[in-house]
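Student: A single structure is presented below for examination.
The values are calculated or read from the model by the stated rules, or taken from the named source; none is laboratory data. If you're wondering where the values come from, they're calculated on a predicted model, not measured in any experiment. All Cβ positions, glycine included, derive from the backbone under ideal geometry; neighbour counts span all protein chains shown.
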Amino acid sequence: MSRSRVASLLIVALTGAVAGFVPATAEATPTCLTGRLEYSHYDAEAGTRKPLVTQAARNANWELWGKVTAGSAATRLSSGITAVGDGAFSACHQGRVAEVYVKFLSASTTMWRVIKSEGTQAQYSFESAHKTGSQSLGTVRVPASMQRAWTIVDTLNALYWKRNNPSSACWTKHQETGACDTLTFVWEQNRTDSGYWDYPDTNYVILGQNEPDSKHTILHEAGHWLQWQLYDHAFPRVSGCNPHYIEQASSTSCAWTEGFADAVAAYTLGDYRYVDDSGASTSLRNDPDTADWDAGDKVQGRVGSSLLDLWAPDGPDGGNWDRTIELMSDEFSQNFREYFVSDRPAGGLSTTGPARTILGSHTITY
């Protein structure tokens, strides 16, 4: 695919302006399969009962495959992504075919994907019913064995939409449209060595078993990757981080990177907590009187909640995280102190008044 076509697909399709891409040919009679894609999700954010909910699979890749004649081999005829609002697709080929079907893949354009393992690089995929002409497929549901892959694909939309990069379709301004880095998740149902961002080796997020049931977990690990992207493939030198806990002191580098990732997840989902895949949640609201929390900027919960309050609608940073994203794209911070004391002034962000009061309310004093 040419760079110009990739650029067009990323800019138009990810914003939901179209539900699919149809290549033009000289033939005038289209064959189309239409419908909407859904997946089921064990909703950890709803509590430890984790109710099974049905959601639209938005911005998910599809391919139209078919046989032009009865005896020919199936070939890919067109491709696109499902619609932003309801997961709708309209997969068309300009011409008659003997057999046609839609193949769905666990990716969104080239911006993010879910693969089965680091070795195979294979995405999850499944096919619709095979048809002989244009038809509505109605509601197509992701098979139960693969539903967590599509949970990841769909959840990452929310982070992409908030990434604050007006200069290109990429995750950050460090890349140009058509040459974006792809955020890769590896998910395997039976994998136990999981729940981390694999830096500096593959730079993939590794999830296993039921971990995708928590959208906070998905976005937390994606938050590590995003910080690496904002720093243009650099990352703080992290120590004292194994293990680490929201309410306990670790190190300033660990609290900064883990607190940022916690804040990414909560900010993206519009709440103030961390939820694990069991449905258990930890509130990030804390104050100097929190009896069972350690104090200071070595505590990731203190750092994460400080960031959330700085980005809050009534906070000093303009009601969102956009200025922090701009700042982090230009200034590298080894820890939260450096971010607050040195880099915020460089980016025109306040370190006095309400900003300093916020840190003090979370036991951080500079």
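Student: Only one residue in R96, R76 is surrounded by fewer than 21 Cβ atoms within 10 Å (Cβ to Cβ), in a strand (DSSP E or B) and out of contact with any Cys (no Cβ under 8 Å at 6 or more places or on another chain), so which one is that? Show your work before the answer.
Tutor: On the way: R96 fails: in a strand (DSSP E or B).
After ruling out the rest, the residue left standing is R76.
Student: Still on this structure: Filter region 40-64 down to residues that are among the hydrophobic types (A, V, I, L, M, F, W, C) and surrounded by 22 or more Cβ atoms within 10 Å (Cβ to Cβ) and give me whichever is farthest from the chain's Cα centre (by Cα). Walk me through it before giving the result.
Tutor: To start, the set of residues in region 40-64 that are among the hydrophobic types (A, V, I, L, M, F, W, C) comprises 44, 46, 52-53, 56-57, 60, 62, 64.
Okay, now just the ones that are also surrounded by 22 or more Cβ atoms within 10 Å (Cβ to Cβ), so 44, 57, 60, 62, 64.
Details: A44: 17, A57: 13, A60: 13, W62: 19, L64: 25 Å.
Going through the qualifying residues, I end up with L64.
Student: To continue, here is another question. If you take the residues of region 331-341 that are without any contact (Cβ under 8 Å) to a residue 60 or more places away in the chain and surrounded by 14 or more Cβ atoms within 10 Å (Cβ to Cβ), which of them is farthest from N286 (Cα to Cα)? Break it down into steps so the answer makes sense when it comes.
Tutor: Residues of region 331-341 that are without any contact (Cβ under 8 Å) to a residue 60 or more places away in the chain, as a first pass: 331, 338, 340-341.
From the residues that got through so far, the ones that are surrounded by 14 or more Cβ atoms within 10 Å (Cβ to Cβ) too are 331, 338, 340.
Numbers: E331: 28, E338: 22, F340: 19 Å.
That would be E331.
Student: If you check T139 against the conditions, is it over 23 Å from T217 (Cβ atoms), β-branched (V, I, T), modelled with pLDDT of 95 or more and assigned by TED's automatic domain parsing to the domain that holds T34? Talk me through it step by step, then tell me what you get.
Tutor: Numbers: over 23 Å from T217 (Cβ atoms): yes; β-branched (V, I, T): yes; modelled with pLDDT of 95 or more: yes; assigned by TED's automatic domain parsing to the domain that holds T34: yes.
Taking the combined requirement at face value, the residue satisfies it.
Student: Another question about this same structure. What number of residues in region 299-351 are farther than 24 Å from W171 by Cα, in contact with a Pro (Cβ under 8 Å, 6 or more places away or on another chain) and of a type in the set (S, T, N, Q)?
Tutor: 2
Student: Sticking with this structure for a sec: Please pick out the residue among T202, T217 that is surrounded by 22 or more Cβ atoms within 10 Å (Cβ to Cβ), out of contact with any Ser or Thr (no Cβ under 6 Å at 6 or more places or on another chain), of a type in the set (V, I, T) and in contact (Cβ under 8 Å) with a residue 40 or more places away in the chain. Spell out the reasoning first.
Tutor: On the way: T202 fails: surrounded by 22 or more Cβ atoms within 10 Å (Cβ to Cβ).
Just one listed residue meets the conditions, T217.
Student: Filter region 181-197 for residues that are in a loop (DSSP other than H, G, I, E, B) and touching a Gly at 6+ places or on another chain (Cβ under 8 Å); which is surrounded by the fewest Cβ atoms within 10 Å (Cβ to Cβ)? Please lay out each step first, then the result.
Tutor: Pass one, region 181-197, residues in a loop (DSSP other than H, G, I, E, B): 181-182, 189-195.
Still in the list and also touching a Gly at 6+ places or on another chain (Cβ under 8 Å): 189-195.
Values: Q189: 13, N190: 6, R191: 16, T192: 8, D193: 8, S194: 15, G195: 17.
So, considering only residues that are in a loop (DSSP other than H, G, I, E, B) and touching a Gly at 6+ places or on another chain (Cβ under 8 Å), the one surrounded by the fewest Cβ atoms within 10 Å (Cβ to Cβ) is N190.
Student: Where in region 105-155 are there strands (runs of 3 or more DSSP E), lying fully within it, with 1 or more residues that are closer than 27 Å to H93 by Cβ, among the basic types (K, R) and in contact (Cβ under 8 Å) with a residue 40 or more places away in the chain? Don't jump to the end; show me each part of the working.
Tutor: Numbers: elements: 112-115, 125-127, 135-141.
Filter on region 105-155 gives 112-115, 135-141.
Student: Moving on to the next point. Determine which member of the set T184, T217 is polar (S, T, N, Q), closer than 14 Å to Q123 by Cα and assigned by TED's automatic domain parsing to the domain that holds C241. Steps first, please.
Tutor: Numbers: T217 fails: closer than 14 Å to Q123 by Cα.
Every option except T184 fails the conditions.
A quick yes/no check of all residues on (1) of a type in the set (S, T, N, Q); (2) in a loop (DSSP other than H, G, I, E, B); (3) at pLDDT 95 or above:
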position: H41; (1), (2), (3): no, no, yes
position: T48; (1), (2), (3): yes, yes, yes
position: R58; (1), (2), (3): no, yes, yes
position: W62; (1), (2), (3): no, no, yes
position: A70; (1), (2), (3): no, yes, no
position: G80; (1), (2), (3): no, no, yes
position: A91; (1), (2), (3): no, no, yes
position: V102; (1), (2), (3): no, no, yes
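Student: So, one more: What number of residues within region 123-159 satisfy the criterion of being buried (at least 21 other Cβ atoms within 10 Å of the Cβ), closer than 30 Å to L226 by Cα and among the hydroxyl-bearing types (S, T, Y)?
Tutor: Residues flagged as buried (at least 21 other Cβ atoms within 10 Å of the Cβ), closer than 30 Å to L226 by Cα and among the hydroxyl-bearing types (S, T, Y) within region 123-159 amount to 3.
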